[in-house]
1. Along Cα→Cβ, 7 Å out, is where each label goes; now give me the distance between the ones at I296 and L339 in nm to one decimal.
2. On full extension of the chain, what length is gained from R147 through L256, given 0.36 nm per residue of separation minus the C-alpha to C-alpha distance?
3. Short version: ³J(HN,Hα) in whole Hz for each residue of the range 155-169, in order, from phi by Karplus 6.51 cos²θ - 1.76 cosθ + 1.60 (θ = phi - 60°), x for Gly and Pro, what are they?
4. Amide H of V119 versus every other amide H placed in the peptide plane: which residues, excluding those fewer than 5 positions away on the same chain, fall under 5 Å?
5. Counting alpha carbon pairs within less than 8 Å and at least 6 residues apart, what relative contact order, in whole percent, applies to the range 201-260?
6. What ³J(HN,Hα) values, in whole Hz, does the Karplus curve 6.51 cos²θ - 1.76 cosθ + 1.60 give for the range 205-218 when θ = phi - 60°, with x put for Gly and Pro?
7. If each residue's Cβ is checked for other Cβ atoms within 10 Å, how do E188, E312 rank with the fewest at the top?
8. Among 215-227, 416-428, 296-308, 138-150, how do they line up from the highest to the lowest mean number of other beta-carbon atoms within 10 Å?
Amino acid sequence: MNDTPGWASPGSASSDGDDRGAGRPGEPADGPTDAAGPASKWSKEQPPASDWSAPSAGQGGPTQTPPPQGQQPGGAPGWGGQGPAGPGWGGPGPGGGPGWGAPGQPGPGWGWQGRPHFVKPGVIPLRPLGVGELLDGTVSTMRTYWRTVLGIALTVSVVTQVVAVLAQGYLLNEIDTTALDDSSASVEEVGEALVGVFASLGAILVITLLGTIFATALLTMVTSRAVLGKPVSTAEAWADARPQLPRLFGLTLLLLVIPVGIVGIGVTPGILVSVNGGNGVVFAVLGGLAALGVAIWMMIRLSLASPALMLEKQGLGKSMGRSLKLVHGAWWRIFGITLLAGVLANILASIIAIPFTVIAAIVDGGGASGLLSTTGGSWTFLIISGVGAVVASTLTFPVTAGITVLLYIDQRIRREGLDLELARAAGVPDQGTATGGPAPGH
């Protein structure tokens, strides 16, 4: 009997004999059986009930159960489908209705549940996934491997926020920003203040970006193992991710430069018109909007480059090419899922971080004005708001990284039959994976 997860009936015992009476996809495992009953005892006048198995010569079969009261022999709703004479498993019956095993004839469907069970060695079933299953797989990864996932996210968040708080406290607070609040300040003074503020904010952004790259790299490895149902420690995730980290840094920077460059090209004509004395504001706005649309389109096309680089051990160019290939023809779907994940992550982060920021402003004594201050704030404000940022990042890092990895795996299942390779990698026999197109409803 094939005891592959997702195909055999739950709780069924393994057997070395003929498995034609074994559970099928979607088959309920509640039929009574009689191992000693020979096939000759089967009645020729009554159709099998819906949970019967096909008898074989010399072997036992299920005990016959009379059809329900008023049920005519030609109308039994067995596995053979709905028809004038549903014959069950064995093939065409007297009325011509196709049975389960009838080769070359229209099949009756998948029994009670309407579709087969699929292999699920880990956090997702190995088949094309819906939006809910992508989100569920991400949450299941966090719940099942919470020590590793939250440990990585918490460590990266703490280190990142400590450095960011120190940078804000020592750099941003040292900058003279009084010119920004002084209406009589000269253009040069305002410019110097803005340069200092943007330089400090840029340093904080770089620190946050580095932390995000580390978290993404490690969580990508954890999620890929979770799909196979194999736990991974932080040390193992680091050992897998470390060789690809330099390339991931380069890829991340490149993915930031590309959209900025596209928008810059879009607004350049308007800027040139303005420099030459013309009214280039309209051209700059229109060019910027058009370029922004192109930049978003390109960002989605390249959104799967990061997991391709980490999991396939590709270089920059090949990983970007892999993303272009996988996203081709599915741009709107991936855009919608990515946007949904981003919105959910930002809502979650805001729910956690905003109360900490408000409390920090109240404790600091600045009230609402402290929230709008252009300076870095006091140490009390920075520390309390930093704690909120740590909690928020600890929960949002796994969500954003997990959705991206599962989207990559889902696209490879749809395009390349990766589910078969994943089933083998998980130690599942080949016949345990049922494919054949997208899942119903997708």
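Coordinate-derived values only; no laboratory data. Small disclaimer: the values here were computed from a predicted structure and weren't measured. Note: ideal-geometry Cβ built from the backbone for every residue, glycine included; neighbour counts use all protein chains shown.
1. According to this spin-label approximation, the distance is 0.6 nm.
2. Using 0.36 nm per residue and subtracting the Cα-Cα distance, I get 36.1 nm.
3. Each residue of the range 155-169 in turn: 4, 5, 5, 5, 4, 4, 6, 4, 5, 5, 5, 5, 5, 5, x Hz.
4. Hits under the 5 Å cutoff: L126, A434.
5. Working: 20 pairs, mean separation 21.1, N = 60.
Relative contact order here is 35 percent.
6. So the Karplus estimates, Gly and Pro as x, are 5, 5, 4, 5, 5, 4, x, 5, 5, 4, 4, 4, 4, 6 Hz.
7. On the way: E188 9, E312 14.
In increasing order of surrounding Cβ atoms, one gets E188, E312.
8. So the order, starting with the most tightly packed, is 215-227, 296-308, 138-150, 416-428.
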